[in-house]
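Below is one structure, written out as structure tokens, with a few remarks after it.
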Amino acid sequence: MSTENTTEIKKTVPQAEDFLPIMGTDYVELYVGNAKQAAYYYQQAWGFQPVAYSGLESGSKDRVSYVLQQGKIRLVLTSPLQPGGEINAHIDKHGDGVKVVALWVDDARKSYEETTKRGAKSYFEPKEVSDEHGHVVLSGIHTYGETVHVFVERKNYSGPFMPGYKEYKPNFQVKDVGLKYIDHMVGNVGWNEMNKWCEFYAKVMGFAQMVSFDDKDISTEYTALMSKVMSNGNGRIKFPINEPAEGKKKSQIEEYIDFYNGAGVQHIAVATDNIIETVTALRDRGVEFLYVPEAYYDDVLDRVGEIDEELEPLKELGVLIDRDDEGYLLQIFTKPVLDRPTMFFEIIQRKGAQSFGKGNFKALFEAIEREQNLRGTL
């Protein structure tokens with residue numbers, strides 16, 4: 001594991017107070033109904049590699065977890081081994097979904113102290129766990145819905161993941177698809193809750209608002225939503241927060257909240273250096289993406305200007321294009337990866353752009369509305 005020093009990380013969002021240095025996303029933990037099968041899906045379809053395992057064989061009596069990694073992205077897939085308890089309750093209420101967004105910090109005790117004294121609700125107090133590879137310090141706070149942040153301090157640890165897990169290297173190994181790191185993670189919250197949670201990230205965690213979008217920016221004939229993007233000081237953690245806005249029909253945010261039964265992580269945006277190769281590999285392995293009408297490409301280059309890529313393969317895959325003052329970006333969104341229409345993934349390639357594809361919002365939301373209409377939830 002890297003032991004990069006926080007003092008070397010450049011601050012790129014100057015307005016962030018940034019009293020809580022965060023070096024990156026440590027892992028994302030999903031509570032799922034069947035961790036073994038979910039792990040197979042993320043390996044086979046998404047190219048994640050198995051790294052570590054916790055279960056009966058490693059002394060865990062109440063849960064089993066598989067740790068998968070690709071680039072700097074680490075997923076932990078956890079299922080209960082006994083009836084009752086928090087994990088079963090979470091799955092019963094929400095279906096499969098993100099429980100933990102873990103943040104890699106230099107000092108988990110200080111992170112806990114700084115956030116709780118500013119009003120964060122404790123998830124668990126700092127604790128040290130150790131094995132023959134060293135020790136990890138963990139602490140946790142609550143955020144929107146039943147989502148939590150766990151602060152992970154691992155500078156004194158050299159094992160495959162953390163104590164309580166053993167190395168997991170099955171014979172089944174697949175080629176990765178070129179995913180590098182988590183670009184941003186989007187949270188959906190209820191009516192009139194966006195500002196509350198943006199203030200939480202500003203006050204409790206020292207984040208700053210990068211950009212905001214209102215219902216004029218993010219709307220179609222039928223639906224609308226509001227969004228603000230919060231970022232930590234070095235820009236490695238970016239959390240757009242969405243809330244519904246009034247429209248003629250039910251927005252994607254309302255649909256999410258209805259089926260998830262509350263606020264939660266809507267999508268995880270993962271970065272690639274070659275979106276054409278990555279999306280082609282994902283599609284060939286069965287990952288389904290939203291359909292973008294061919295007409296979108298008729299004038300897209302008039303809007304975004306010259307790009308390095310050939311337009312035809314982007315059109316064939318349904319990749320969206322947008323430009324800001326810093327450069328351009330390429331992005332595409334999967335259909336929900338779960339049975340409930342809740343969590344999905346975004347694949348993004350940044351060619352200088354620091355924005356989030358505002359010029360694509362209308363095309364994207366119309367594509368989502370087509371899927372909602374098929375589900376009968378629009």
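The values are calculated or read from the model by the stated rules, or taken from the named source; none is laboratory data. None of the values given here were measured: they were computed from a predicted structure. Methodologically, a virtual Cβ is constructed for each residue, glycine included, from the backbone with ideal geometry; neighbour enumeration extends over all protein chains shown.
A search for C-beta distances below 6 Å between a residue of region 48-68 that is in a loop (DSSP other than H, G, I, E, B) and any residue that is of a type in the set (S, T, N, Q) and crowded, with 20+ Cβ neighbours inside 10 Å, counting only pairs 6+ apart in sequence or on different chains, returns F48/Q70; S60/S54.
Quick check: anything in region 282-292 surrounded by 23 or more Cβ atoms within 10 Å (Cβ to Cβ) and either in contact with a Cys (Cβ under 6 Å, 6 or more places away or on another chain) or at pLDDT 90 or above (or both)? Among the residues of region 282-292, at least one is surrounded by 23 or more Cβ atoms within 10 Å (Cβ to Cβ) and either in contact with a Cys (Cβ under 6 Å, 6 or more places away or on another chain) or at pLDDT 90 or above (or both), which makes the answer yes. A single entry from S139, S111, S122 fulfils the requirement of being over 20 Å from H267 (Cβ atoms), surrounded by fewer than 18 Cβ atoms within 10 Å (Cβ to Cβ), more than 18 Å from the chain's Cα centre (by Cα) and in the same structural domain as Y27 (by TED's automatic domain parsing): S122.
Would you check if there is a residue in region 255-275 being farther than 30 Å from K196 by Cβ and either surrounded by fewer than 16 Cβ atoms within 10 Å (Cβ to Cβ) or of a type in the set (F, W, Y) (or both)?
Within region 255-275, the subset farther than 30 Å from K196 by Cβ is 272-275.
Right, trim to either surrounded by fewer than 16 Cβ atoms within 10 Å (Cβ to Cβ) or of a type in the set (F, W, Y) (or both) and you get 273-274.
Yes, because at least one residue in region 255-275 is farther than 30 Å from K196 by Cβ and either surrounded by fewer than 16 Cβ atoms within 10 Å (Cβ to Cβ) or of a type in the set (F, W, Y) (or both).
Exactly one condition in (1) at pLDDT 80 or above; (2) assigned to a strand (DSSP E or B); (3) polar (S, T, N, Q) is not met by N234; state its number. So the condition that N234 fails would be (2). On the given criteria, is L314 surrounded by 13 or more Cβ atoms within 10 Å (Cβ to Cβ), closer than 26 Å to G264 by Cα and of a type in the set (A, V, I, L, M)? So L314 fails the test. Please verify whether K180 is within 28 Å of W46 (Cβ to Cβ), in contact with a strand residue (DSSP E or B) (Cβ under 9 Å, 6 or more places away or on another chain), of a type outside the set (D, E) and modelled with pLDDT under 95, treating the condition exactly as stated. No; evaluated as a whole, the condition is false for this residue. Contact annotation: no residue pair with Cβ atoms under 9 Å, 6 or more positions apart or on different chains, pairs a residue in region 267-283 that is free of Cβ contacts under 8 Å to residues at least 12 places away in the same chain with a partner that is buried (at least 23 other Cβ atoms within 10 Å of the Cβ) and in a helix (DSSP H, G or I).
Can you give me the ranges of the helices (runs of 4 or more DSSP H) entirely in region 273-326 with at least 2 residues that are under 27 Å from the mean Cα position of the chain (by Cα) and not hydrophobic (A, V, I, L, M, F, W, C)?
Numbers: elements: 275-284, 300-304, 311-317.
The qualifying helices (runs of 4 or more DSSP H) are 275-284, 311-317.
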